[in-house]
Amino acid sequence: MIAVKKRVVNELGEEIDQAQDDFADRLFTLESENGVGGEFEVVANKVLDEEIILDSKKYILSKTDKKGIIEYGNEYFVEISGYREDELIGQPHNIIRHPDMPKVVFKLLWKRIQNRENIVAVVKNLAKDGRYYWVMTEFEIKIDKITNEITGYFAYRKAAPRKAIEQIAPLYKKLLDIEKASGLEGSQKYLAALLEAEHKTYDQFIDEVTGRNSGMMKLWFMAMKKFFS
Ligand SMILES: Cc1cc2nc3c(=O)[nH]c(=O)nc-3n(C[C@H](O)[C@H](O)[C@H](O)COP(=O)(O)O)c2cc1C
């Protein structure tokens, strides 16, 4: 099986964009000739500076196994991600990872969910066509009642509030710059120092930034979890 994954940032200029489009066309031809899920499995990602504005009344739901392999996605997830359902199922969730996301957020996310705790995360995701969308995510940990082991995770997402994006986007950029210069350790230290200076935990910070503590947001996520469990 040949797997080709291409991520190109459009800041590199028009010439690169053109080459990228040619590349995408070639991949499409390969894909049509060989059939999806056949001998060739091809994913082409480009990155565009274009936002997909989410419907604030809709939610994006996905379920993964304990390793983060997608097992289910609701209709809105399929629609917004731009992938077909069968392109998502069986893929690692980083299929929609955006290169603007700092690693430190995912490190924290995994640490918390593996510890069987929820975390609220504001995430910039990458759609198949290269556009992005911001979500606010919460998790539910699925545990086998007999073995008491984690069997998988649910992620419930809503459009991130605009005010939250305005505060989070520059912070993520800073964290990413630090990661490029001094690795994950650097961004972890920066985030810890920032929270300490503000006398806040990560949860307090995120609740404040997203307005999740305002009640409505909390109720919404609780209702979603109840509905799907
Ligand atoms: C239930 C669940 C949902 C996830 N949702 C997303 C998501 O929407 N976007 C994303 O980039 N990563 C998501 N992740 C995290 C990915 O598994 C992965 O850690 C992340 O994309 C970073 O990729 P990397 O580890 O290859 O750097 C999710 C993980 C789980 C368990």
Any residue in the range 131-148 that is more than 13 Å from the chain's Cα centre (by Cα), within 13 Å of the ligand (Cβ to nearest atom) and either in a loop (DSSP other than H, G, I, E, B) or more than 24 Å from GLN204 (Cβ to Cβ) (or both)?
yes
Could you tell me which residue of the range 149-172 is surrounded by the most Cβ atoms within 10 Å (Cβ to Cβ), considering only residues that are more than 16 Å from the ligand (Cβ to nearest atom) and under 18 Å from the mean Cα position of the chain (by Cα)?
PRO161
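Conditions (1) surrounded by fewer than 12 Cβ atoms within 10 Å (Cβ to Cβ); (2) modelled with pLDDT under 95, marked per residue:
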| position | (1), (2) |
| --- | --- |
| LYS6 | no, yes |
| GLU31 | no, yes |
| ASN34 | no, yes |
| ASP49 | yes, no |
| ASP65 | no, no |
| GLU75 | yes, no |
If you check GLY90 against the conditions, is it surrounded by 15 or more Cβ atoms within 10 Å (Cβ to Cβ), over 15 Å from the mean Cα position of the chain (by Cα) and not aliphatic (A, V, I, L, M)?
no
Is the range 113-128 home to any residue that is touching a strand residue (DSSP E or B) at 6+ places or on another chain (Cβ under 7 Å), basic (Lys, Arg) and part of a strand (DSSP E or B)?
yes
Please determine, by comparing only the residues of the range 101-112 that are more than 9 Å from the ligand (Cβ to nearest atom) and part of a helix (DSSP H, G or I), which one is surrounded by the fewest Cβ atoms within 10 Å (Cβ to Cβ).
LYS111
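The values are calculated or read from the model by the stated rules, or taken from the named source; none is laboratory data. All values reported here derive from a predicted model rather than from experimental measurement. For neighbour counting, all protein chains shown are included, and Cβ atoms are generated from backbone atoms with ideal geometry for every residue, glycine included.
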